[in-house]
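To start, the structure itself, in structure tokens.
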Amino acid sequence: MSDDAARPYALERRQARYAACIDDGRLEDWPGFFTADCRYQIISRESYEKKLPIGVFFANSRGMLGDRVTALREANIYEAQHYRHILSPTFVLARDGTIVTAQTNYQVIRITREGATMLFSTGRYLDRIALEGAKPLFAEKLVVCDSRRIDTLLAIPL
Amino acid sequence: MSDDAARPYALERRQARYAACIDDGRLEDWPGFFTADCRYQIISRESYEKKLPIGVFFANSRGMLGDRVTALREANIYEAQHYRHILSPTFVLARDGTIVTAQTNYQVIRITREGATMLFSTGRYLDRIALEGAKPLFAEKLVVCDSRRIDTLLAIPL
Amino acid sequence: MSDDAARPYALERRQARYAACIDDGRLEDWPGFFTADCRYQIISRESYEKKLPIGVFFANSRGMLGDRVTALREANIYEAQHYRHILSPTFVLARDGTIVTAQTNYQVIRITREGATMLFSTGRYLDRIALEGAKPLFAEKLVVCDSRRIDTLLAIPL
């Protein structure tokens, strides 16, 4: 298998570790999956397709992601529930130098502290991934949610 | 990793692109994932196991798949909803020359235009995949649905 | 791709075959995925995190798994339903000689004989996998379920 063919394979492991970080509640480690000048956005499919600049959450630096984690910790939002990500295989859409654009379908199940389980969000990650360093980092992560009924809780990382 | 070991890996990317084609609503591209003389069938697990020749949908050429797309477009069935496929890892069941038989568990979530999300179908793909050309093509795709409560909407590609 | 990099890839195929064995109802083949002196445990996330030794099911040999299959067959529990596993990508947590520790998020959908479909269990496999033989075998499989509302039916393999 050539280096190029192997790339989505390695990216897929990265996505799985990213999901585990959130599912395990290790929120403080979450910004570390991004580049310093990253873009992270949660947006509905409808807004994305109509090119409406209306996102549920937007950050344009790793520092902003850290601020979000601090806010979530202070509000104890994450403590009342947790997530389980199920990821479909990653595939590459484009490559430009050391930046790879890839798509990964995701499904997030939410489990409340009382044990109730519900399908919380489905959609796709559209990622631009920087390959310069020792580990692939997200230069951009666009979380395109299928439903426009977006819970305010979506402010929690997806 | 040997060429043989890498095969399910490449097949898995192909499945992911197949799913994205449907989820994105690019139905006109869907027949292009099949060989000209393909077989495509949606069948319940019960009918499959009892070897009953009762399928929900059957086509035995790429042209028939194209006809189905035309019918779906005219009926505007696909416009009122979309799908999200979540695929489990692909594994190889058998190989005979340039034909590989492989299995992939699938889950399809349906999202209505109003934003309601529901688990629509689960099951497995039993695929015979032709490896002659530049890209793997489905010589046969058998969609074995777990539930026998099959919605007529299943006429939409799975 | 180096041998080491390829390892989670091969482990992932193994997980997919393990899931297919259960989903197909081939319960008698299930113990064959484990080493003779294996440990298999189903435990809730809450018990796991609090290190409470309370599992829903525990076995410490392949023989005990076989006994469980016999009991399930006699009770006809498995005949009234089946499962569908959807697995997220596997990633490696640690390696010690020929033992690899790996994590795989799972989702199990339950389908009753009447055709009703429900999200049955989500969680993660924490596996210690022995690589000595021709095929990877589970030396330990810890099934950490997200919900503490664990159905007694969970005595069926997950």
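The values are calculated or read from the model by the stated rules, or taken from the named source; none is laboratory data. Model, not experiment: these values are computed from the prediction. Ideal geometry is used to build each Cβ from the backbone, glycine not excepted, and the neighbour counts take in all protein chains shown. Just so you know, the surface numbers come from the protein's heavy atoms only, side chains and all, with ligands and any DNA or RNA stripped out. Shrake-Rupley method; radii C 1.70, N 1.55, O 1.52, S 1.80 Å.
Taking a ≥ b ≥ c as the square roots of the eigenvalues of the alpha-carbon gyration tensor, region C:1-68 is classed oblate because a/c is 1.5 or more while a/b is no larger than b/c. Exposed loop positions in chain A were taken to be GluC sites (Glu not before Pro) whose DSSP state is not H, G, I, E or B and which have at most 16 other beta-carbon atoms within 10 angstrom. Between these positions, the longest stretch is A:1-113. With axes computed from alpha carbons, what is the tilt in degrees of helix B:62-75 against the longest principal axis of chain B, rounded to the nearest 10 within 0 to 90? Here the helix axis deviates by roughly 20 degrees. Residues of region C:81-100 that bury at least 30 Å² of accessible area when the other protein chains are present, relative to the chain alone (probe 1.4 Å, heavy atoms, ligands and nucleic acids excluded): C:HIS82, C:ARG84, C:ILE86, C:LEU87, C:SER88, C:PRO89, C:PHE91. Sequence gap at least 6, Cα distance under 8 Å: using those rules, report the relative contact order of chain A to the nearest whole percent. Dividing the mean separation by the residue count of chain A yields 25 percent.
Within the accessible area of region C:30-158, the carbon and sulfur atoms contribute 53%, probe 1.4 Å, all protein chains present.
Within chain B, what's the longest stretch lacking trypsin sites (Lys or Arg not before Pro) that sit in DSSP loops with no more than 10 other Cβ atoms inside 10 Å? Result, exposed sites excluded: B:52-158.
Distance between the modelled labels on B:ASP96 and C:ASP96, one decimal in nanometres: 4.7 nm (7 Å Cα→Cβ projection). A straight Cα-to-Cα reach below 15 Å connects B:LYS141 with the aspartates and glutamates B:GLU12, B:ASP37, B:ASP127, residues fewer than 8 places away in its own chain not being considered. Size descriptor for the protein assembly as shown, Kirkwood hydrodynamic radius: 23.0 Å (Cα pairs only, one decimal). To the nearest ten degrees, helix C:3-23 and the longest principal axis of the Cα atoms of chain C are 10 degrees apart. Take region C:4-52 with all the other protein chains still there, run a 1.4 Å probe, and you get 38 Å² of accessible area per residue. Between A:GLU28 and C:ALA116, the FRET efficiency estimated from the beta carbon spacing at R0 = 51 angstrom works out to 0.80. Label positions at C:GLU132 and B:ALA75, each projected 7 Å from the Cα along the C-beta direction, are separated by 5.8 nm.
Remark: the Cα gyration tensor places region A:4-148 in the rounded category, a/c being less than 1.5. Averaging the Cα positions of each part gives two centres, and for region A:15-53 and region C:8-61 these lie 31 Å apart.
Extending 7 Å from Cα along the Cβ direction at A:LYS51 and again at C:SER61 yields two label points whose distance is 6.9 nm.
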